[in-house]
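For reference, the structure is listed below as structure tokens.
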Amino acid sequence: KNSAERLAIEATTINQAFSQQILSETEKRDFENPHPFTDTSAGRAAKVAYRYRKWQVADNLVLVARCELHSYTQRKGRTQLMTTYALNEWDGKQSSGIEWRGKVDMQPGAILATELKNNSAK
């Protein structure tokens, strides 16, 4: 039923399908580096891009991360890169959560606070 493992698999599947559904079949953007996970036998890769980001966290600590990109848009004359995810709905009563559908318009802060608390270990 709604076990944590099944919900995780469902959420992963939904987000993978969603990221592919929103892509344009006619527009393609090339990045300066080739796709790191191209299957050389098939000659194609997933329709995502990767960008490497670097942050100076402390004097002696630098964080480098590979970030997945799903799409881009033009805003105010600038290209903005985006990562997109689906908002999956499930029965919040099973984990003493709040019923967000009824509160999303009137109490968005309460919903965010509850989700931050419930997901603090992730």
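The values are calculated or read from the model by the stated rules, or taken from the named source; none is laboratory data. This is a predicted model, so every value here is computed, not measured. Heads up, the Cβs are rebuilt from the backbone with ideal geometry, glycines too, and the neighbour counts pull from every protein chain shown. Heads up: the accessible areas ignore ligands, DNA and RNA and are worked out on the full protein's heavy atoms, side chains in. Shrake-Rupley method; radii C 1.70, N 1.55, O 1.52, S 1.80 Å.
Scanning segment 47-73 for residues that are out of contact with any helix residue (DSSP H, G or I) (no Cβ under 9 Å at 6 or more places or on another chain), assigned to a strand (DSSP E or B) and not aliphatic (A, V, I, L, M) returns Y50, R51, Y52, R53, K54, W55, Q56, R66, C67, Y72, T73. Contact map, segment 110-122: residues that are within 16 Å of A4 (Cα to Cα) paired with residues that are surrounded by fewer than 12 Cβ atoms within 10 Å (Cβ to Cβ) and modelled with pLDDT under 75, Cβ distance under 9 Å, separation 6+ or inter-chain. Pairs shown: N118/S95; N118/S96.
For (1) modelled with pLDDT under 85; (2) open to solvent by 50 Å² or more (accessible area, probe 1.4 Å); (3) touching a strand residue (DSSP E or B) at 6+ places or on another chain (Cβ under 9 Å), each residue gets a yes or a no:
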residue: C67; (1), (2), (3): no, no, yes
residue: R78; (1), (2), (3): no, yes, no
residue: L81; (1), (2), (3): no, yes, yes
residue: A86; (1), (2), (3): yes, no, no
residue: Q94; (1), (2), (3): yes, yes, no
residue: I111; (1), (2), (3): yes, no, no
residue: K117; (1), (2), (3): yes, yes, no
residue: A121; (1), (2), (3): yes, yes, no
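Among residues of segment 10-23 that are farther than 14 Å from L87 by Cβ and touching a residue at least 24 places away in the same chain (Cβ under 8 Å), those with a Cβ under 9 angstrom from a residue that is surrounded by 13 or more Cβ atoms within 10 Å (Cβ to Cβ) and of a type in the set (D, E, K, R), sequence gap 6+ or separate chain, pair up as Q20/K47; L23/K47.
Among the conditions (1) open to solvent by 60 Å² or more (accessible area, probe 1.4 Å); (2) modelled with pLDDT under 80, Q21 misses just one, which is (2).
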